[in-house]
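One structure follows; several queries about it will come next.
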Amino acid sequence: GNVNLEPINADVWNAGIEWAPTNTLSFTADYYSWDIDNEVTQQSANGLMFQEYRCRAGLDDINSPTCVQALSQVTRQVSNNYVTEIYTPKINVSKRQMEAVTGTFNYLVDTSSWGSFAFDGNYTRILKHDRTIYEGDPTLDYLDNPYYSTDPKDRATLSGTWRQNDWSTTLYMNWMGETPNYRASISTAGFDAPGAGKLDAFTTFNASVSYQALENLELSALVTNLTNEMPPEDDSYPGSSGAPYNSYNYSVYGRAVYFEV
């Protein structure tokens with residue numbers, strides 16, 4: 001633990017607009033802003049050792065706050081320079097700023113003989129994600145530099161639901177935009193590194209059906225990853241990895257079926 005941790009502070013605000021041209025159709029657009037100070041995170045031993053290497057190799061300024069801190073947390077033997085201790089407490093990250101926009105729509109069609117149809121969609125785009133680990137360090141771009149983050153900039157969902165009497169069924173789409181490949185994420189050169197690039201967008205579908213058999217009894221079935229999609233193939237892995245896909249962004253699990261009473 002770290003008894004010197006301070007409270008996290010955040011200024012969060014958003015503004016939006018909604019337009020409903022009819023009583024069954026509506027659109028919304030929102031802008032979000034996060035400004036976070038003193039964010040708490042557990043330091044990574046791997047990350048700390050890599051940072052120490054960058055400082056000793058002259059890739060980063062050895063007198064910068066990050067290097068001074070990293071070198072103080074790695075203890076080496078004087079005789080052979082072997083590492084004897086790595087100190088990785090929880091720390092207050094100095095600053096993080098994020099901006100995003102979202103857009104949604106909702107549409108309802110009610111028929112007398114075919115039941116009701118409901119459609120809704122959501123799109124989100126990250127506009128900014130900057131982070132400063134220690135005060136005085138340069139600002140790190142977590143949006144456009146894949147060395148710091150492989151998160152997608154864009155996500156979207158779309159669903160359609162049909163209801164009639166005791167029956168209901170839904171088809172749900174989950175879309176993720178392009179993400180960096182492995183080679184782009186391990187080099188400070190980012191997308192300029194040899195073999196670096198982007199993986200294709202990834203889309204999965206879920207489907208469900210439910211039946212209200214009795215007043216207090218509902219039966220339902222759900223299929224996730226309906227088309228049994230695998231994560232985008234990433235040929236830039238060196239072959240020494242146990243799983244050649246980014247587990248932070250993608251799930252390797254295929255189609256799954258659930259029944260519920």
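The values are calculated or read from the model by the stated rules, or taken from the named source; none is laboratory data. None of the values given here were measured: they were computed from a predicted structure. With ideal geometry, Cβ positions are generated from the backbone for all residues, glycine too; neighbour counts draw on all protein chains shown. Only protein heavy atoms, including side chains, enter the accessible area calculation; ligands, DNA and RNA are left aside. Shrake-Rupley method; radii C 1.70, N 1.55, O 1.52, S 1.80 Å.
Just list whichever of 153/198; 95/153; 90/153; 128/198 have alpha carbons separated by over 22 Å in the model shown.
From 153/198; 95/153; 90/153; 128/198, over 22 Å: 90/153.
How much net charge surrounds residue 71 when only the other residues with a Cβ under 9 Å from the Cβ of residue 71 are counted, with Lys and Arg +1 and Asp and Glu -1?
On the way: positive: 56; negative: 52.
Spelling it out: positives minus negatives among the neighbours equals 0.
What number, rounded to the nearest 500 deg cm²/dmol, is the helix-based mean residue ellipticity at 222 nm of the chain, given -39500 (n - 2.57) per DSSP H run of at least four residues and division by all its residues?
-2500 deg cm²/dmol
Check residue 199: other-chain or 5+ apart residues with amide H under 5 Å from its amide H, H built from backbone geometry?
179, 181
A further question follows. What does the charge count around residue 138 come to, taking other residues whose C-beta lies under 15 Å from its C-beta (Lys +1, Arg +1, Asp -1, Glu -1)?
Its environment carries a net charge of -3.
If you roll a 1.4 Å probe over the chain with all protein chains in place, what percent of the accessible area is carbon or sulfur?
52
Expressed as a whole number of Å, what is the distance separating the alpha-carbon centroids of segment 202-261 and segment 114-158?
Between the Cα centres of segment 114-158 and segment 202-261 lies a distance of 22 Å.
Averaging the inverse of every distinct alpha carbon separation and then flipping it gives the Kirkwood radius. What is it for segment 151-236, in angstrom units?
After inverting the pairwise mean of 1/r, the radius is 15.6 Å.
Right, here's the next one. If all Cα-Cα distances of segment 72-158 are sorted into 5 Å bins from 0 onward, what percent lands in each bin, rounded to whole numbers?
Percent of pairs per bin, in order: 3, 10, 12, 11, 11, 11, 9, 8, 6, 5, 4, 3, 2, 2, 1, 1, 0, 0.
If you line up the Cα atoms of the chain on their principal axes, what length do they span on each, largest first, in Å?
Sorted largest first, the three principal extents are 84, 43, 40 Å.
Let me ask another. Summing +1 for each Lys or Arg and -1 for each Asp or Glu, what net charge is found among the other residues whose Cβ lies under 14 Å from the Cβ of residue 105?
So the environment of residue 105 carries a net charge of -3.
I've got another one for you. Relative contact order for the chain: what is it in percent, counting Cα pairs under 8 Å that are at least 6 residues apart?
That works out to 12 percent.
Residues of segment 127-261: accessible area per residue at 1.4 Å, in Å²? Write out the running numbers ahead of the final one.
Values: 8190 Å² over 135 residues.
Ligands and nucleic acids excluded, the figure is 61 Å² per residue.
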